1. Which of the peptides B:33-44, A:67-78, A:13-24, C:347-358 is most tightly packed, and how do the rest follow, judged by the mean count of other Cβ atoms within 10 Å per residue?
2. Over chain C, what is the mean sequence separation of C-alpha contacts under 8 Å (at least six apart), divided by residue count, expressed as relative contact order in percent?
3. Average partner chain C-beta neighbours within 10 Å, per residue of B:43-53?
4. Give me the Kirkwood hydrodynamic radius of segment A:1-138, using the inverse of the mean 1/r over all pairs of distinct Cα atoms, in Å to one decimal.
5. Averaged over peptide C:399-405, how many Cβ atoms belonging to another chain are found within 10 Å of each residue's Cβ?
6. Give the Debye-formula value of log10 I(q)/I(0) at each listed q (0.14, 0.20, 0.21 Å⁻¹), with one equal scatterer per alpha carbon of segment C:452-597, two decimals each.
7. Sorting check: for C:541-549, B:358-366, which peptide has the highest mean count of neighbouring beta carbons within 10 Å, and how do the rest follow?
8. Average partner chain C-beta neighbours within 10 Å, per residue of B:57-68?
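Each value in this text was obtained by applying a stated rule to the coordinates, not by laboratory testing. Computed from a prediction, not measured in an experiment: that's the story for all the values here. Neighbour counts are summed over all protein chains in view; Cβ atoms, including those assigned to glycine, are modelled from backbone coordinates with ideal geometry.
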Amino acid sequence: MPKIKLTEYATNLVKEICAKFNNNEGELINVLHQVQNKLGYLPAEIQELIAQELNISAAKVYGVVTFYSYFTMKPQGEFPISVCMGTACYVRGAEQVLDEIKRQLRIDVGETTPDGKFSLSALRCVGACGLAPVVLVGEKVHGRVATVDVKKILAEYKSGCLSDKE
Amino acid sequence: MDKIKLTIDNKEVEVAKGTTILDAAKQIGVHIPTLCHMKLHDMGIENKPGGCRVCVVEVEGRRNLAPACVTEAAAGMNINTHSIRVINARRTVTELIISDHPFECLTCAKSGECELQDLAHQMGIREIHFEGEKSVYREDTSPAIIRDMDKCIMCRRCEMMCNEVQTVGVLSAINRGFYAVVSPPFEQNLDHSVCTYCGQCVAVCPTGALTEVDHTPAVIRALSDPSKTVVVQTAPAVRAALGEEFGFEPGTLVTGKMVAALRRLGFNYVFDTDFAADLTIMEEGTEMLDRLSRHLNGDKTVKLPILTSCCPAWVKFFEHQFPDMKDIPSSAKSPQQMFGAIAKSYFAEKQNINRKDLVVVSVMPCLAKKYESSRDEFAVDGNPDVDFAISTRELAALIKLANIEFKALPEEDFDHPLGESTGAGVIFGTTGGVIEAAVRTAYELHTKKPLPKLNFDELRGMEGVREATIDFDGLPIRIGIAHGLGNARKLLEDIRSGKSHFHAIEIMSCPGGCIGGGGQPYHHGNSDILIKRQKAIYQEDSMKTLRKSHENPYIVKLYEEFLGHPMSDKAHHLLHTSYFDRSKHFEQED
Amino acid sequence: MAENKMHILVCGGTGCRASQSEQIVNNLKAELESQNLENDVRVLTTGCFGFCEKGPVVKVVPDNTFYTEVKPSDAIDIVNEHIVKGRPLQRLLYKNPKNNYKVTNTASIDFYKKQVRIALRNCGFVDPENIDEYIGRDGYEALGKCLSDYSPSEVIDIIKKSGLRGRGGGGFPTGLKWEITSKEKNDQKYVVCNADEGDPGAFMDRSILEGDPHSVIEAMAICGYCIGANKGLVYIRAEYPLAINRLKIALSQASEYGLLGNDIMGTGFDFDIEIRYGAGAFVCGEETALIHSMEGSRGEPTFKPPFPSVSGYLGKPTNVNNVETFANVPVIINKGAEWFSSIGSENSKGTKVFALAGKVNNVGLIEVPMGITLREVIFDIGGGIRNGKKFKAVQTGGPSGGCLTEKDLDIPIDYDNLIKAGSMMGSGGMIVMDEDDCMVSIAKFYLEFTLDESCGKCTPCRIGNKRLHEILDKITKGKGTEQDLERLKLLSNVIKDTSLCGLGQTSPNPVLSTLLNFEDEYLAHVREGKCPAGQCKDLLKYEIDPDLCTGCTLCYRNCPVGAISGEKKSVHYIDQSICIKCGVCFQKCKFKAISIV
Ligand SMILES: Cc1cc2nc3c(=O)[nH]c(=O)nc-3n(C[C@H](O)[C@H](O)[C@H](O)COP(=O)(O)O)c2cc1C
Ligand code: SF4
Ligand code: SF4
Ligand code: SF4
Ligand code: SF4
Ligand code: SF4
Ligand code: SF4
Ligand code: FES
Ligand code: FES
Ligand code: FES
């Protein structure tokens, strides 16, 4: 694993967040959430620092990070794509949509495109089952997506014009 | 205590409330197979994740089968431990475990001692009905331990040992579902972690997932090289356990046969680490008295308590976790390393052998000693003081390999000069032994009077933390003892916060001390074995004519001929060491 | 919401927000302002109306006009037509699909007709970000009553008599659970609200927290009073940002009003609530796992007993209840146990919220009295199967449940009947499947879910489910044998019998129930290598019918891998060795010339 050096910003951020939770080890998951929200991901060095601040073992932190699918150790793409694979979406064709996205981006779930633009994940029910199948790009919900729509949706982001107009 | 009655396999049994079905069944001789569960009764160590599900039984009226190891017996329960439903489930579960396991018994270090292998045998498994993907992991080799996680069955014993008992915190379950496995942080190798190499994870692993690094091929190579003089030292705890590998009752002393076997294996000199243990006492005891008297005379620069330093896992532990206190432990090397240093200087000179042609092999109950012997500071120009450290188990393997009929061997004596020892050296093998040995010598050196009695029962036992005050002829010396690193941590934290009132503390990493070391024959969760080994150690001590280190004539001679006196410059150079801060510092960009 | 004459309620649930309902609110406000109507008409953002299928949904009260599929640009027309001219905007009214009549009033929409709203009573009616509206609808009255008029054991008695059972899946009697926890002697106890909602395809808990967070807060405080706890924790999925935000707002408003904190309503009772976040692990819905997760550890379940009621969070007695369970409590106190127990069936009282999804016309959140039949739910409320297809099965209980078929449609839905029929209530997911759904694939889908979500602690679930999945995968690829079906059964039963927690104990249910109800379909896969529903990719082919193909080249131009060849105006062909079975050509062809065989 290549060692990265933590910036002063990141070090201070982690220390502040831990301190906000009184360096209480029971707050580990809350700490991880906040740090990931700020930094986008949880590299090993950050986890070690969190372990030190909360006075727990790095093994424990890593065990927790790898248990919960919400946490990631890889930087996400500029546009993280999440395909809902909840049941409602599945029975309305989410798998085909996912396959199509994989094919178009040439990446698998959990990966990021080499240009750093898109990363792909599958998640369970975002609670917009009425719009099934659902694809999230960042925070934006695309509903009733068919395989034929995939190209269009991706193009919207590829060109860089994040259109608010619909 | 409340008693309850229940029925197991049509037999009524009365047990105390809170007893598990597993223990209740045991009381009436009903054996229920287990795999993940492990309980070291007298040491308060228990692993019961209830995860393997091999121990399921049928409890009348319940929808699902119940795991016997975690289900409490309740009044009126009617239990069947071998119905068709139970047998089918147990066997299927076993098959499932095997379906995710490599078929490598023929070349596996654990073969013959493997609890999974035994289980498969007991279940009469001949075919695996479920095939599929197997978990595959990179093998991790460190200076002492090999992790081959393909063989891990997720019993979580190692995790419990490392975190709860040792509080080292190297291991944790990671990932989830089928890809869950136990691992050091970030799936790095052990040698990048804070692992102490105490080997307690290896000692409890039911399979070949965790084993020791095998030094026997290198030893065989050295033995077959005519240009080398090969000497061997055997640690005190080895003789109290080696017999188990050859069918002797646990607790049988096999010192003489062990020496005979080593000779037959071709070692040129069979020496004893106990000799070095006596030497350790001379150095450590003197250092202790020195610190003590300076302290009593008001020297504020002296730190008390003094801590023993003969356990390398303990040394690595404080280097990582308490680096701020690295000047408290005695600077004395461990007996293994003292032996190596003396063998490759004093003995080599005496015999006129170039140190490069002298190979020092040690037989240890310990896996940390493999690591210790590889530390840079214990080598001269790249030539280590101790070349190879093999475990009790590896020695047994060598003896078996050489086709030596161990039981039929005569009892033989160690060679001189490094084979003579006192009872004080022997008791290094158990918790409380090092400090008792130190007290025997320090008392006489300090008071200049002979000890009224030699056995310090107040220092003996299996309690995790013990303390006693010994009267040094009017001077009360407060002594603390901890075995198991979790217990050591407690004492260290007291010291750090200024609450500690001890003058001297003995710390051993392994529960029970070296008799419970990570290189000993597997105890398979039976703590009676440890207690028997402890008894054997004290038995050997009581059989000795000399029982105080400073009375060892060869030690006296060594000082006269070579070292001068304890803590002399030469002694310092050869027998003392210093410690490093191994706590991680975070690299930060400016 | 008394002082204004007219209200426009805009759904602010996750579904409708995804289709820009926030923009609708802004546009409505802007339009009202431009016409100087902002003081006569209030625009409110509410929680989910349930009718997500037709979202975004807008309702005008008091006349109860219901607009569906509203776009931000429709705001001007709504104001001009409905508000200014006082007549409903015809083009946005809901059309009854059965007769194409436009419906103005919610009460006469089939989707709502058979519903009885208790847990969802306020969802879609109040602004969840305004505590006054909750109070305006009898909010916090129940807490007041409990604290001043009843002893804890009297409240427990009411809950026991009401017959309320846990809505989180297990159906354990709520009053009894409270009683057990109340009897534990300890200086510190906890009330935990389980808002982990892991069942993919269920979103009732989220909707309640988004639409009516105060009802849960009030109930938790009541529970705290009963069991002797002054600390509450809500464990909520991090994937629910809107619910989290609304809950936070509600908590701070409740504290401001003295409804949380010290000496609540001057009665000397203290109660506080904290939020804990999940992080994407279904198993954390299981209560022991949830507790470990709240303690900052891996969410691995532990063996019960001890139950959380005895030893839970930080080893203290802890009462864990589901969101929907809590949402029922204040009404029960207000209206009485008799009222509640008069609704529902013999052993299952009250209502249940279901997330109706899949191949029905009306996807959404519904609340129905226990004892209603599946037929009523699917065909009356759900409006039947989409695109005129045939009903095939309905899965209740999410990945832990089983599928039910035609023969089960008239069973009254309650905890016990569903179990008898081979499924379970679960948290209330209800996924409807039609003739196009392959039941082997469905079983495989659910298993993939459990496989992903298994914590890995126990052998049967960690390895057993993996093997089950592998066998199913083999079958969907046409490589299964009849022996595999036997293996599936044997393994399923052992996994159920020996797993440590509810996840493993129920994970084979989808396999067993599809095997039971659709054995033919399995046999078709293993004997003939065919997928009757035409869903298993490896077992199907796309073919162009030369009689129907007009040579329009549309398929040719859209095929992503260039598997189609043919000249303009002549018949096209698919090269099966290149085709990746993406189905694009099938979707694109305007002449139905492409078929799945
Ligand atoms: C695998 C698994 C997942 C569960 N998920 C949930 C969940 O998402 N929400 C929930 O309220 N209960 C869930 N439960 C049930 C809880 O363990 C617990 O029984 C429930 O929260 C108790 O509340 P109730 O009595 O109000 O239903 C789950 C159980 C299991 C075994
Ligand atoms: S761990 Fe046991 S079962 Fe596995 S290969 Fe080694 S001896 Fe055989
Ligand atoms: S050797 Fe000791 S410290 Fe290292 S992993 Fe094993 S138990 Fe932990
Ligand atoms: S490595 Fe060994 S002790 Fe550790 S979990 Fe695996 S099988 Fe058990
Ligand atoms: S107690 Fe003994 S066996 Fe254990 S690590 Fe220390 S020296 Fe080695
Ligand atoms: S059944 Fe599955 S989720 Fe539950 S404890 Fe076992 S492995 Fe974990
Ligand atoms: S199914 Fe997809 S890949 Fe196959 S021919 Fe049609 S468009 Fe091309
Ligand atoms: S299943 Fe996809 S949003 Fe619910
Ligand atoms: S021995 Fe009981 S579950 Fe493993
Ligand atoms: S989200 Fe708007 S009706 Fe459900």
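1. The most tightly packed comes first, giving C:347-358, B:33-44, A:67-78, A:13-24.
2. Once divided by the residue count of chain C, the mean separation gives 11 percent.
3. Per-residue shielding by partner chains comes out at 4.
4. About 16.4 Å, per the Kirkwood formula over Cα pairs.
5. Mean partner-chain Cβ count within 10 Å for C:399-405: 0.
6. Taken in order of the listed q values, log10 I(q)/I(0) reads -0.74, -1.05, -1.11.
7. So the peptides C:541-549, B:358-366, ranked by packing, come out B:358-366, C:541-549.
8. That works out to 2 on average.
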